[in-house]
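The structure appears below as structure tokens.
The values are calculated or read from the model by the stated rules, or taken from the named source; none is laboratory data. Predicted, not measured: the structure shown is a model, and the values here were computed from it. Cβ sites come from the backbone with ideal geometry, for glycine too, and all protein chains shown count toward neighbours. With ligands, DNA and RNA removed, areas are computed over all heavy atoms of the protein, side chains included. Shrake-Rupley method; radii C 1.70, N 1.55, O 1.52, S 1.80 Å.
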Amino acid sequence: MPMKSSDRDIVRVINGETLTTPPIWMMRQAGRYLPEYKETRKQAGGFLDLCYNPELAVEVTLQPIRRFGFDAAILFSDILVIPDALGVGVRFEEGRGPIVETVDEERIDTLVSDSVINHLSPVLETVERLRECLPQETALLGFCGAPWTVATYMIAGHGTPDQGPARQFALNSPVAFQKLMDVLVEASSQYLIAQLDNGADAVQIFDSWASVLDEDQFEKWCVKPVAEIVKKIRAVRPEAKIIGFPKGVGAFYKGYAKITGVDMIGLDWTIPMSFAQELQTDSPIQGNLDPKRLIAGGSPLDQGIDAVLENLADGPLVFNLGHGITPETSIEHVQQMVTRVKSFSR
Ligand code: CP3
């Protein structure tokens, strides 16, 4: 008998349960800190070739599960496959990060989401294959970027320190920017629904650049589009489990779960524990170890882990980093973290 999705630990936490030992996974858990990832990445050719090769994408998704036994696997792909599927060119350059073709008002007017699912069918095949080969108890997470975060790359063409180009564009050309948001909301909703249909237990919406907006713009471009995606998904999949991760938004975390409708929120490491506890009374939380502590190892790592567990494990908690693991992190430190979290019980 296959295990029911609702019996997997992470889904239990998303449904509000407090477990004796919090389940653990790690954002960007498949990646360049693993030698076996670098090996597979070489075989694939380009980074997008890896994302669109189900056999190799399954392999790199499984690598961190084999090594560390995380409670969830996250689909190997990228948030920028959505612009790629919309026909807006994306490339990844060694050492430079993503380079995206830029869009202006005229180009935005021509964007349509019709072919997104067809273009992303290899990624959906990866999801389907993963559910077949993952251990029964391991949850499978799908994901997409939030429309705001994806749009910041489409406007600037690359990452920038404060995503100034997209902030300026949204203020100067709100009608065109709304059009861009609408296309991204539609494409992302279809994509997440398809991931759930192909076997994902839950999906996470990464709003990695949510922290750069003022209150008015945050409501318009972060809260509203994510709320629309949640509504579109729930219209066809009322039971869908959705994790929101508006990174770095401080006081704006309050009310985010309720207004957007997400089931659980991911917190970054800048959130005071007392505030995290308050948020945890509204929804389950995920997080929030500073990835720099994972690089440091030793007692800075142990202290950071203990602070999360002591303050947050008495409520529904999924242990995670406050943002993705970076390539310079040592594998031993990851093992140190997993061992310490798994040996905790409240
Ligand atoms: O293990 C996993 O978490 C699954 C795969 C995953 C990747 N990217 C693989 C990846 C996920 C969930 C993402 C999300 C993503 N991608 C985000 C949101 C989360 C975050 O970190 O804020 C963003 C903003 C992107 C866009 C992106 N992709 C950037 C800025 C970069 C360059 C930075 C870097 O780490 O190189 C990427 C490339 C990327 N995405 C890599 C991986 C493993 C490294 C590229 C390589 O292997 O050459």
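Details
- Between 0 and 90 degrees, the angle of helix 174-197 with respect to the longest Cα principal axis of the chain falls at about 50 degrees.
- The Kirkwood radius of the chain, taken over pairs of alpha-carbon atoms, gives through the Stokes-Einstein law at 37 °C and 0.692 mPa s a diffusion coefficient of 163 µm² s⁻¹.
- Near Gly266, the amide H atoms lying under 5 Å from its own belong to Gly244, Phe245, Gln286; only residues 5 or more places off or on other chains count, and H is placed 1.01 Å from N.
- Remark on Asn320: its backbone amide H falls under 5 Å from those of Gly287, Asn288, Leu289, a criterion applied only to residues 5 or more positions apart or on other chains, H modelled at 1.01 Å from N.
- Cα centroid separation, segment 265-333 to segment 82-129 (Å): 31 Å
- Across the chain, C-alpha contacts under 8 Å between residues 6 or more apart give a mean separation that, scaled by the residue count, equals a relative contact order of 22 percent.
- DSSP beta bridges in the chain [antiparallel fraction, %, rounded to 5]: 15 percent
- The chain, helix-only ellipticity at 222 nm - DSSP H runs n ≥ 4, -39,500 (n - 2.57), divided by all residues, nearest 500: -14000 deg cm²/dmol
- Measuring with a 1.4 angstrom probe and ignoring ligands and nucleic acids, Lys38 comes out at about 110 Å² accessible.
- Whole-angstrom gap from segment 147-209 to segment 1-71, using each part's C-alpha centre: 23 Å
- For segment 280-290, Karplus couplings with θ = phi - 60° (6.51, -1.76, 1.60), whole Hz, Gly/Pro x: 5, 6, 9, 7, x, 10, 10, x, 9, 5, 5
- Computed 3J(HN,Hα) for segment 204-220, one whole-Hz value per residue from the Karplus formula 6.51 cos²θ - 1.76 cosθ + 1.60 where θ = phi - 60°, is 10, 9, 8, 10, 5, 10, 5, 7, 9, 9, 6, 4, 4, 6, 4, 4, 5, glycine and proline marked x.
- Cα lying deepest toward the dipole's positive end in the chain, options Gly87, Val183, Ala276, charges on Cβ: Ala276
- Counting only alpha carbon atoms, the long axis of helix 298-312 and the longest principal axis of the chain meet at about 80°.
- With Cα atoms, 0 to 90° folded angle of helix 54-68 axis to the chain main axis: 30 degrees
- Net charge dipole size for the chain [Lys, Arg +1 and Asp, Glu -1 on Cβ; Debye, nearest 20]: 500 debye
- Dimensionless Rg ratio for segment 35-135, taking C-alpha atoms and the 2.2 N^0.38 Å reference: 1.20
- With a cut-off of 9 Å between beta carbons, the residues surrounding Met181 carry a summed charge of +1, where Lys and Arg count +1 and Asp and Glu -1.
- HN-Hα J in Hz across segment 233-240 - Karplus 6.51, -1.76, 1.60, θ = phi - 60°, x for Gly and Pro: 5, 5, 4, 10, 9, x, 8, 4
- Length gained on full extension, Glu278 to Glu137, computed as 0.36 nm times the residue gap minus the Cα-Cα distance: 47.8 nm.
- Aspartates and glutamates whose Cα lies under 18 Å from that of Lys42, excluding same-chain neighbours fewer than 8 positions away: Glu55, Glu59, Asp78, Glu93, Glu94
- Here the accessible area is traced with a 1.4 Å probe on the protein chains. For the chain, carbon and sulfur cover 50 percent of it.
- Once the 1.4 Å probe is applied to the protein heavy atoms, the chain comes out at 40 Å² accessible per residue.
- Interchain or long-range residues, amide H under 5 Å from Ile74's placed H: Leu141
- 20 °C / 1.002 mPa s Stokes-Einstein diffusion coefficient of segment 219-346, Kirkwood radius on C-alpha pairs, µm²/s: 138 µm²/s
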